[in-house]
Amino acid sequence: MATERKNKTKRAKKEETTWQERVIQIRRVSKVVKGGKKLSFRAIVVVGNERGQVGVGVGKASDVIGAVKKGVADGKKHLIEIPMTKSNSIPHPIDGTGGGAKVIMRPASPGTGVIAGGAVRTVLELAGVRNILAKQLGSNNPLNNARAAVNALSTLRTFAEVAEDRGVAIENLYI
C-alpha cells in the first residue's frame, strides 16, 4: 500500500515538472467595504508545456502566492492544443481578439525566433512556437492580449484538417 502511494506521488511530480508557469502581471486590487478597504491580489499566469499546449489563467487571493496558485490551476483548466509545423511555426496567418485587444500572427522561416511583445510573447514561448511574427493592436492590457493570443492559436487548423472538412485529398488542396 505504501509503495503504491510513493509511486503515485513520483508520477504526479514528473507530470507537474513538464508544465512551465510564468506570471505576466500581479496587481493589487482594493474593494471598499463597510469597515474600510479590503486588499487582495490578482495574478495573470500563463501555463504551457512547450509542446503545443498552453493556457492563460487568472487568480485572485488575499496574498500573492495564493493568487499565483489559483492562476496556475485556472490556466490548466483552460488549456488549448495548437498545431505546429516542422519548423516550430504556425501553419497559416491568423488574427485573434480578446476584449479590446487584437493580435496578428504570421508564420516565419526557421531561425527567425519569436518576434512578439509582452503577454503575446510569453504565450507563444510557453506554447513551444519558435519562429513567428506577431503584433498586438488596440490595447496594452496584458490579460486581453494573452486571451487574444490564445484565441488566435485555438482557431489554427492544419492542411489535413481543412482537406478532410472539404472532402478533398490533401494533394488537391494546393492546386
- [ ] May I ask for the longest run of the chain untouched by trypsin sites (Lys or Arg not before Pro) that are loop-located per DSSP and have at most 14 neighbouring C-beta atoms (other than their own) within 10 Å?
- [x] 87-156
Open item on the list: Test of understanding: in a Gaussian network model of the chain with alpha carbons linked when under 10 Å, which of GLU21, GLU164, GLU50 would top the mean-square fluctuation ranking?
Closed with: GLU164
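State the volume of the convex hull built on the alpha-carbon positions of the chain, expressed per residue in Å³ and rounded to an integer. Before the final figure, lay out each step's value.
Working: hull volume 31.8 nm³, N = 175.
Output value, Cα hull per residue: 182 Å³.
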- [ ] With springs only between Cα atoms under 10 Å apart, run a GNM on the chain and tell me which of VAL23, VAL47, VAL120 wobbles the most.
- [x] VAL23
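So, for the chain, what is the accessible surface per residue at a probe of 1.4 Å, expressed in square angstrom?
On the way: 10640 Å² over 175 residues.
About 61 Å² of surface per residue is accessible.
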- [ ] Per DSSP H run of at least 4 residues, take -39500 (n - 2.57); add these up for the chain, divide by its residues and hand me the 222 nm value, nearest 500 deg cm²/dmol.
- [x] -11000 deg cm²/dmol
- [ ] Considering only GLY52, GLY36, GLY98, give the residue with the highest GNM mean-square fluctuation for the chain, with springs between Cα atoms whenever their separation is below 10 Å.
- [x] GLY36
- [ ] Could you tell me which of VAL114, VAL168, ALA73 has its Cα farthest along the dipole of region 37-175 towards the positive end, charges placed at Cβ (Lys, Arg +1; Asp, Glu -1), taken about the Cα centre?
- [x] ALA73
Open item on the list: Rounded to the nearest 20 debye, what is the charge dipole size of the chain about its Cα centre when +1 sits on each Lys and Arg Cβ and -1 on each Asp and Glu Cβ?
Closed with: 1220 debye
- [ ] Whenever you get a sec, compute what percent of the accessible area on region 25-150 sits on carbon and sulfur atoms (1.4 Å probe).
- [x] 52 percent
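On full extension of the chain, what length is gained from SER109 through SER30, given 0.36 nm per residue of separation minus the C-alpha to C-alpha distance? Kindly include the intermediate steps, with their values, before the conclusion.
Numbers: separation 79, 0.36 × 79 = 28.44 nm, distance 4.61 nm.
Gain on extension, SER109 to SER30, equals 23.8 nm.
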TODO: For GLN25, list long-range residues whose amide hydrogen, built 1.01 Å from N in the peptide plane, is under 5 Å from its own amide hydrogen.
DONE: ILE44
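Go through LYS31/LYS60; LYS31/LYS70; LYS37/LYS69; LYS38/LYS76; LYS77/LYS102 and tell me which ones have a Cα-Cα distance over 21 Å in this structure.
Working: LYS31/LYS60 12 Å; LYS31/LYS70 19 Å; LYS37/LYS69 24 Å; LYS38/LYS76 28 Å; LYS77/LYS102 23 Å.
Beyond 21 Å: LYS37/LYS69; LYS38/LYS76; LYS77/LYS102.
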- [ ] Could you tally the net charge around ILE132, taking each other residue with its Cβ under 13 Å from the Cβ of ILE132, Lys/Arg +1 and Asp/Glu -1?
- [x] +3
Task: 12 Å cut-off, amide nitrogen to a point 7 angstrom out along PHE159 Cα→Cβ, residues in region 83-107 - done: 85-86, 91-92
Task: Mean-position separation - Cα centroids, region 110-148 and region 19-69, in angstrom - done: 20 Å
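The values are calculated or read from the model by the stated rules, or taken from the named source; none is laboratory data. Source: prediction; values computed, not measured. A quick note on method: Cβ atoms are made from the backbone with ideal geometry, for glycine too, and the neighbour counts reach across all protein chains shown. Ligands, DNA and RNA are excluded from the accessible area calculation, which covers all protein heavy atoms including side chains. Shrake-Rupley method; radii C 1.70, N 1.55, O 1.52, S 1.80 Å.
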